[in-house]
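Written out below as structure tokens is the structure these notes cover.
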Amino acid sequence: MSRQDYEVIIGLEVHSELSTKTKIFCSCPTKFGAAPNTQICPICMAMPGTLPVLNEKVVEYAVKAGLATNCEISQNSKNDRKNYFYPDLPKAYQISQYDKPLCEHGYIEIETKEGKKKIRLTRIHIEEDAGKLNHDELGGGSLVDLNRAGVPLIEIVSEPDLRSAEEVEAYLRKLKSILEYIEVSDCKMQEGSYRADVNVSVRKKGDTKLGTRTEMKNMNSFRSIVRAIEYEVDRQIDILEDGGKIEQETLRWDDVSGKTFSMRDKEDAQDYRYFPDPDLVAIKLSDEYIENIKNTLPEMPESRKERYLKEYKLSEKDAKLITSSKYLSDLFEKAIEVCNNPKAVNNWIISDISRILNEKELEASDIPFSSKDLGKLVILIDKGTISSSIGKKVLEELFENPKDPEEIIKEKGWIQISDEGAIKEIVLKILEANPQSVADYKAGKEKALGFLVGQAMKETKGKANPQMLNKMFKEEMQ
Amino acid sequence: MNITELTVHELQEKLKNKELTVTEITKAYVKRIEEKEKNVQAFVTPLTEQAIKKSEEIQSKLDKGEKLGEFTGIPIGIKDNICTKGIKTTCSSKMLENFVSPYDATVIEKLNKEELINLGKLNMDEFAMGGSTEYSYFKKTRNPWNLNKVPGGSSGGSAAAVSSEMVPWALGSDTGGSIRQPASFCGVVGLKPTYGLVSRYGLVAFASSLDQIGPITKDVRDSAMLLNLITGHDSKDTTSVEREKIDYTKCLEKEIKGLKIGVPKEFFGEGINKEVKEKLEKAMQIYKTLGAEIEEFSLDVAEYSLATYYIIACAEASSNLGRFDGIRYTYRTPEYKNLKEIYKKSRSEGFGAEVKRRIILGTYVLSSGYYDAYYKKAQQVRTLVMKEFNKGFEKYDVILTPTSPTVAFDIGSKSNNPLEMYLADICTVSVNIAGLPGISIPCGVDSQGMPIGMQLIGNKFEEEKILNAAYQFEKTINFRENYKPQYK
């Protein structure tokens, strides 16, 4: 049998950090990147006698995520303890939700080669993040940083509806853009605020029973996830083809070798001994509360896309790319408010900005300049203050050292030469130095004009106004 | 005048009349501790020097004419599972032998605000697990009425310190009887408030759904006053309840004519000591003479409560005590090869046998495959117990039972028989299971001169009814005048 005879089944557990200002059970800040153990208090350090108090914003954000993914919201929910020992888990239990999650039975739609496909969500529940172990920082041993302990998370569990690495990527991107749109998570993958546990199994086509699955935990890059799934699918099929059996186990994906490795021995099969947390009262939500949150849901990517097609006449492809990220989409809309030139803003985002993000391996949310800066850049080109080739240089500069584009061109001396006298002077100089081109042009070779303009641009380091050059060369050679 | 013999309300009077100064009071207690502690062994961390210093600071403020708060300068003792900033909070465990809390429990904040003076942290069964204070890692506290007997537990240090007059009053904690049973054994008053009336923030958790902090005092009025000091909603404890503030001393003097007292016959059956039963029957007669109506009824909870209690309490404890893992502020084994060994050895060496027994029990009942048969079932029984009590309170204002089936037993006589030790809780645990308030007051002594406790149980948040009934009884028998501990 061949690879084609197998069906791939993938289910995901996505963990997304909620962007609340404070932690889920205490009032410590959640800001990323602070010095170790500077954002902690007796509660998130699990000092004896401390008690958790549930941050209401966390419930609100999770309900919002549930509503945005077509979930049913449970009006009666609770927190449970998941017990296990690890040094990054100071209470020796994680407060999570077991049998009564906040949100259940949702779905999101992804686009596949075969068209739209619904991916069902089993549930979304709230829980606290653990701390972090820093290994070998002070010569041997491990140090515990509890800054992240108690940062709120939602766990979004999908049904095993995904059938390929491509579908997984589409699902993850879609889910990420939804969470960004409703502004409950910044989904910064490098910071670990959007990460996935990937469950993969294969079965022969036509089989109704699911195959044994393996799990890869805490994956936080699209590229690794795609590679890891492709590797894991091949590995499993190879084993089955050789008459072997898949072990249900947790695997670690190694990006360097491009392989998965077994992580835990079976002796450690965990029994988490879930039970309701007696320190926290049940979560009861009224219809009115849920309705109020529903009313705060913003415009979602699809409807924005439709609007862009109609209002700004963008192409399907461009509109899709821009609305895939709330940051790009907001950048687009707000820059238009400044410059009133949707076409130009669209072009900048689709071509140069996307290219630079790719080159620098940045996410849209990392764009360092403001929509106002982009709008101003477009205005400067539209007014002829700079040429579009200088514009590209300004954009590069905005990524490196963001400030008002006007200031950038002033500092760099990139203002376009549009003074007639100055342009004439350059034109005459170039004409004098290139008699052959003049003769060619007069003989009907239009191309010669382009060469002359190019020479003039070179002479002025790109600052001369190209339209004026064109016009003046023509006039002088008549 | 023998200062340490006085109750807190008497001390207040004398302070008001300037018969006594704050410093005199503290110094008298410090002297008493110096005399009696070597035999009673109630303190884990005495704070006598700090207490004298604090009393002098307060006194000098008073001498300058500053106004005195109602409780300013009154000394107190604190059970060693209530967190006190900058002072060791050991839970009488090797695990926390050197743990200094970085924060004050909410009840301590309340006491500090009133400028009470902490005389020290009091001994207990390790992590409040036990009924004799023999399971303390540090020392065995003795019963002031007979030094060969246990003081009860787990708040044995608190009860013995009040009984031997080393502190005028103390805070204890009660998960299954840990305030009421030692109060009964030591001939003092102990009150477990309704679950949710007092903040648990800063009480090192044993069983979160059962634990409450409460007063151990010389008389009922002092209990009402200390309850006044510690109640109130706390935003740091979501299980604490928002209610209008009550002055619990106001109800005391009310006549109890017509008060309906229910006596559940199941609490007087097999296993109840004959002398205990006799004294309780006598107490009922006294209530009748006070005009109360006494009626026997059936409260079918005692039998199931003990099993339910040990399942729920141990389950919660197994999780609550996970944080004592050898990683941060706890004892850590000196030698280990890997992480697993840090956990295994630190916890094996840091916890005593009884704590380990309960962690193992609790881990078992929560394990997959057993959860439904034990923990879930226990929660269902818990609901039934609440319903049974509710039925009782439809007919009665107060329910009267013994606090413990026996008087204080000999040191060492039960410490190797956990089941027998657990049976000592049979009269008290159902009150925690149902989240009700219960008070233990002395109602006499047995032929050996050991005090016998009577428990009055009230409906939720009806502390006033049991305080009132207890006060009227206490006034009638005048226990403190008529019976004195050996240790006087």
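The numbers here are math on the coordinates, done by the rules we state, and not lab data. The shown structure was predicted, so the numbers you read here are calculated from the model rather than taken from an experiment. Glycine also receives a Cβ, built like all others from the backbone with ideal geometry; neighbour counts cover every protein chain displayed.
For the stretch B:244-301, which GluC sites (Glu not before Pro) pass both filters: DSSP loop (anything but H, G, I, E, B) and at most 15 other C-beta atoms within 10 Å?
Details: sites: B:GLU244, B:GLU253, B:GLU255, B:GLU266, B:GLU270, B:GLU275, B:GLU278, B:GLU281, B:GLU293, B:GLU295, B:GLU296; in loops: B:GLU244, B:GLU253, B:GLU255, B:GLU270.
Here the GluC sites (Glu not before Pro) that fit, given the DSSP loop and packing criteria, are B:GLU244, B:GLU253, B:GLU255, B:GLU270.
What's the Kirkwood radius of the stretch A:218-331 in Å, using all Cα pairs? Spell out each step's value before the answer.
On the way: mean 1/r = 0.0501 Å⁻¹.
After inverting the mean inverse Cα-Cα distance, the result is 19.9 Å.
With the cut-off at 19 Å, report for the stretch A:301-412 the share of all Cα pairs above it, as a whole percent.
Numbers: 2486 of 6216 pairs.
Cα-Cα pairs in the stretch A:301-412 separated by more than 19 Å: 40 percent.
Order these by the 10 Å Cβ neighbour count, fewest first: B:SER430, B:SER60. Don't skip to the answer; put the middle values down first.
Numbers: B:SER430 33, B:SER60 12.
Listing B:SER430, B:SER60 from fewest to most nearby Cβ atoms yields B:SER60, B:SER430.
Could you work out, residue by residue across B:202-211, how many beta carbons of other chains sit within 10 Å of that residue's beta carbon, and then give the average as an integer? Before the final figure, lay out the partial values.
Details: counts 6, 3, 4, 6, 0, 1, 5, 4, 1, 1.
Other-chain Cβ atoms within 10 Å of each residue's Cβ, averaged: 3.
Mind putting together the pair-distance distribution for chain B? All Cα pairs, 10 Å bins, whole percent per bin, short to long.
For chain B, the binned pair fractions read 4, 22, 33, 27, 12, 3, 0, 0 percent.
How many angstrom lie between the C-alpha centres of the stretch B:7-69 and the stretch B:411-435?
35 Å
May I ask you to order B:129-141, B:437-449, A:430-442 by the average number of other C-beta atoms within 10 Å around their residues, highest value first? Working shown, then result.
Details: B:129-141: 25.8, B:437-449: 22.5, A:430-442: 15.1.
Per-residue mean Cβ counts within 10 Å order the peptides as B:129-141, B:437-449, A:430-442.
What are the equivalent ellipsoid semi-axes of the stretch B:33-85, built from the alpha-carbon gyration tensor (square roots of five times its eigenvalues), in whole angstrom, biggest first?
26, 14, 9
Which of the trypsin sites (Lys or Arg not before Pro) across the stretch B:322-423 are loop residues per DSSP, with 14 or fewer other Cβ within 10 Å? Before the final figure, lay out the partial values.
Details: sites: B:ARG323, B:ARG328, B:ARG332, B:LYS337, B:LYS340, B:LYS344, B:LYS345, B:ARG347, B:LYS356, B:ARG357, B:ARG358, B:LYS376, B:LYS377, B:ARG382, B:LYS387, B:LYS391, B:LYS395, B:LYS414; in loops: B:ARG328, B:ARG332, B:LYS337, B:LYS414.
Qualifying residues, ordered by number: B:LYS337.
List the residues whose amide H sits under 5 Å from the amide H of A:LYS188, counting only those 5 or more places along or on another chain, with H placed 1.01 Å from N in the peptide plane.
The list, which skips near neighbours in sequence, is A:SER193, A:TYR194.
Taking every eigenvalue of the Cα gyration tensor of the stretch A:3-289, multiplying by 5 and rooting it, what semi-axes result, largest first, whole Å?
They are 32, 24, 18 Å, listed from largest to smallest.
What number comes out for the charge environment of B:TYR336, summing +1 per Lys or Arg and -1 per Asp or Glu over other residues with Cβ under 14 Å away? Let's see the in-between values first.
Working: positive: B:ARG332, B:LYS337, B:LYS340, B:LYS344, B:LYS345, B:ARG347; negative: B:ASP325, B:GLU335, B:GLU341, B:GLU349.
Residues close to B:TYR336 contribute a combined charge of +2.
Enumerate by residue number the GluC sites (Glu not before Pro) in the stretch B:1-52 meeting two conditions: DSSP loop (anything except H, G, I, E, B), and at most 12 other Cβ atoms within 10 Å of the site's Cβ. Walk me through the numbers on the way to the answer.
Working: sites: B:GLU5, B:GLU10, B:GLU13, B:GLU19, B:GLU24, B:GLU34, B:GLU35, B:GLU37, B:GLU49; in loops: B:GLU19.
Here the GluC sites (Glu not before Pro) that fit, given the DSSP loop and packing criteria, are B:GLU19.
Could you list A:THR30, B:THR403 so that the one with the fewest beta carbons within 10 Å of its beta carbon is first and the one with the most is last? List each step's numbers first, then the result.
Values: A:THR30 22, B:THR403 29.
Least to most surrounded, the residues fall as A:THR30, B:THR403.
When the Cα centres of the stretch A:194-231 and the stretch A:8-50 are compared, how far apart do they sit, in Å?
If you average the Cα positions of each part, the centres end up 27 Å apart.
Are there any helices in chain B, counted as whole DSSP H runs, that stretch 15 Å or more along their axis by Cα and score at least 0.0 on average by Kyte-Doolittle, and if so which? Write down the numbers at each step before the final one.
Working: long enough: B:22-40 (27 Å, -0.89); B:48-63 (22 Å, -1.27); B:220-230 (16 Å, 1.05); B:274-289 (23 Å, -1.21); B:302-320 (26 Å, 0.36); B:339-350 (16 Å, -1.52); B:353-366 (20 Å, 0.57); B:377-395 (28 Å, -0.91); B:463-477 (21 Å, -0.54).
Going by DSSP H runs, the hits are B:220-230, B:302-320, B:353-366.
Provide a whole-number value for the mean count of partner chain Cβ atoms within 10 Å of the Cβ atoms in peptide B:327-338.
Details: counts 9, 7, 5, 1, 0, 0, 0, 0, 0, 0, 0, 0.
Whole-number average of other-chain Cβ neighbours for B:327-338 is 2.
Under the √(5λ) rule applied to the eigenvalues of the Cα gyration tensor, what semi-axes describe the equivalent ellipsoid of the stretch A:420-476? Give them in Å, descending. Intermediate values should be presented prior to the final figure.
Numbers: eigenvalues 60, 22, 22 Å².
Working from the Cα gyration tensor, I get semi-axes of 17, 10, 10 Å.
How long is the protein assembly as shown along each principal axis, judged by its Cα atoms, biggest number first, in Å?
Cα spread of the protein assembly as shown along its principal axes, largest to smallest: 135, 80, 57 Å.
Would you mind giving the mean number of other chain beta-carbons within 10 Å of the Cβ of each residue in B:230-241, as a whole number?
On the way: counts 0, 0, 0, 0, 2, 1, 6, 5, 8, 5, 1, 0.
Going residue by residue through B:230-241 and averaging, the value is 2.
Once the other residues with Cβ under 12 Å from the Cβ of A:THR122 are scored (Lys, Arg +1; Asp, Glu -1), what is the net sum? If you can, show how the numbers build up before the last one.
Values: positive: A:ARG120, A:ARG123; negative: A:GLU13, A:GLU72, A:GLU104, A:GLU155, A:GLU159, A:ASP161.
The answer is -4.
What is the Cα centroid distance between the stretch A:232-256 and the stretch B:347-399, reported in whole angstrom?
Answer, in whole Å: 45.
Rounded to the nearest 5, what is the percent of antiparallel bridges among the DSSP beta bridges in the stretch A:3-289? Mind dumping the intermediate values first?
Details: 56 of 58 bridges.
DSSP beta bridges in the stretch A:3-289 are roughly 95 percent antiparallel.
Is the shape of the stretch B:230-269 best called rounded, prolate or oblate, per the rule: a/c under 1.5 gives rounded, else a/b larger than b/c gives prolate, else oblate, with a ≥ b ≥ c the square roots of the Cα gyration tensor eigenvalues?
Working: a/c = 4.03, a/b = 1.54, b/c = 2.62.
Oblate shape, in that a/c is at least 1.5 and b/c is the bigger or equal ratio.
Rounded to two decimal places and with Rh computed the Kirkwood way over Cα pairs, what is Rg over Rh for the stretch B:234-378? Walk me through the numbers before you get to the answer.
Details: Rg = 23.3 Å, Rh = 20.3 Å.
Taking Rh as the inverse mean 1/r over Cα pairs, Rg/Rh reads 1.15.
Note down the Stokes-Einstein diffusion coefficient of the stretch B:339-488 in µm²/s, whole number, using a Kirkwood radius over alpha carbon pairs, 37 °C, and 0.692 mPa s. Mind dumping the intermediate values first?
Working: Rh = 18.7 Å.
Answer from the Stokes-Einstein relation: 176 µm²/s.
May I ask which residue of A:ALA228, A:ASN358, A:MET216 lies farthest towards the positive end of the charge dipole of chain A, with charges of +1 (Lys, Arg) and -1 (Asp, Glu) on Cβ and the Cα centre as origin?
Result: A:ASN358, furthest along the dipole toward the positive end.
For a quick check: with amide H placed at 1.01 Å from N, whose amide H comes under 5 Å from A:THR112's, ignoring anything fewer than 5 positions away on the same chain?
A:LYS117
Given the -39500 (n - 2.57) contribution per DSSP H run of 4+ residues, what per-residue ellipticity at 222 nm results for the protein assembly as shown, rounded to the nearest 500 deg cm²/dmol? Present the calculation step by step, with values, prior to reporting the outcome.
Working: 32 runs with 372 residues, N = 966.
About -12000 deg cm²/dmol.
Arranged by the count of other C-beta atoms within 10 angstrom, fewest first, what order do A:PHE399, B:PHE185 take?
Details: A:PHE399 18, B:PHE185 37.
If I rank by nearby Cβ atoms, fewest first, I get A:PHE399, B:PHE185.
What whole-number volume per residue, in cubic angstrom, does the convex hull of the C-alpha atoms of the stretch B:1-58 give?
Details: hull volume 5.0 nm³, N = 58.
Taking the convex hull of the Cα positions in the stretch B:1-58, it is 86 Å³ per residue.
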